[in-house]
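Student: Please see the structure below; I have some questions.
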């Protein structure tokens, strides 16, 4: 071949190579942009913004990556101890108040029995019972409002995760999984709302009414109704949480199977149909999936840290109130003030129901975040 | 004076009362009333540390209900003492009226509690 032809072929090859480079650079840049938008910081910031301000203040300070890295077991333990200290002081306060009213009520009952015989306490003992009932039910009302607020925060937080899950899953090729996860999370949020409004509220009202009327008139014993309502509620939330967990597990297993097939398909198409750079695109999908799994691990940790700061306070408050009421009930039985004892026990059982509700909401949320974090394995 | 001394003095005064009743019956009732009031005062003095303890224990955590309770217990004590004195004098009708007065007084005292309870019931129904 003559020198002229060699030079001509070299020039044409160079032009073609340059043209291919111009085509490849935007797609690489696009992938880098995609990788940048998938960086942990942007999503963590979005999720942190969704936390209530009082919960966000309790997270470890620092850059989002560091903050997430510090949300480990020792952080959770130190946060638990802080909340426990506050809960213990409020528990001591409630117990002190109930004990003092019980002592005065027992004194009043003794005076009135001395006058009226063994018929029972008179108006002063009735006033003591009224004071205890008022304080116990005010405490219960405050705790119920706290549980309702907690349910709303959890729902809002899960809805934020919904958007993150959808966008991350779609970018990573998890089309089926994205649809399943967003649907499942929406279902969970609806379930939470329905649980509070349709189940918990009526039962709180019914139990409040039956306890109050039984306390006001010892001959009227309606405690059986509230006991039946409570046990039905506990059964229902146990059943609903089991059903939700089983359904989500099955859906996620199927979605993961679909996504691994979809991801493999994309890699094969990329490597075989795009000339020269097809192999590089196929390789970058591996990088993409590693990035997604890092994001999901990071978001999962933020999700758990957010749940911990939101859940610990209501749980410790509920437990401290329950303990205070139990101790006051024992004190009432020692002092022989039976009407107050049964009232305090009934209110304590209602708080037990609220504890079960908070535990179930936290469990559903942890399950949702766990599914989210584990779904990265399908793209590996 | 300690508790045993008070009990011993009470027994001595009761024996004196029996003696006075047999000699001059009309002086027995005033003596009985004085003795009852004195013993009620001693009981209140003995209960003062308890009441102060209860007050200090619950004061930071209560919104005025404790003072209401203390008034109710005080009214109950005064009513029961008055009713007993009336019965000892053979005036059962007056004793029952004194008890009725005490009950009405305590119920009137508990009106803020009843109002607060009614408001709480309304709040729960509005949930």
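The values are calculated or read from the model by the stated rules, or taken from the named source; none is laboratory data. Everything quoted here is computed from the prediction, not taken from an experiment. All Cβ positions, even for glycine, are placed from backbone atoms using ideal geometry, and neighbour counts span all protein chains on display.
Student: Quick check, is residue A:154 crowded, with 18+ Cβ neighbours inside 10 Å and either within 23 Å of residue A:235 (Cα to Cα) or modelled with pLDDT under 65 (or both)?
Tutor: Yes; evaluated as a whole, the condition is true for this residue.
Student: Name the residues in the range B:99-116 that are part of a helix (DSSP H, G or I) and touching a residue at least 40 places away in the same chain (Cβ under 8 Å), would you? Step through it out loud before you land on a result.
Tutor: To start, the set of residues in the range B:99-116 that are part of a helix (DSSP H, G or I) comprises B:99-109, B:111-116.
Matches in the range B:99-116: B:109, B:112, B:113.
Student: Now for a different question. Looking at (1) modelled with pLDDT of 85 or more; (2) more than 7 Å from chain A (Cβ to nearest Cβ), which is the one condition that is false for residue B:81?
Tutor: Single failed check for residue B:81: (1).
Student: Condition test on residue B:48, is it within 14 Å of another protein chain (Cβ to nearest Cβ) and at pLDDT below 85?
Tutor: Taking the combined requirement at face value, the residue satisfies it.
Student: Identify all residues within the range B:104-127 that are at the interface with chain A (Cβ under 9 Å from one of its Cβ atoms) and more than 11 Å from residue A:137 (Cβ to Cβ); write none if there are none.
Tutor: Result: B:104, B:105, B:106, B:107, B:109, B:110, B:113, B:114, B:125, B:127.
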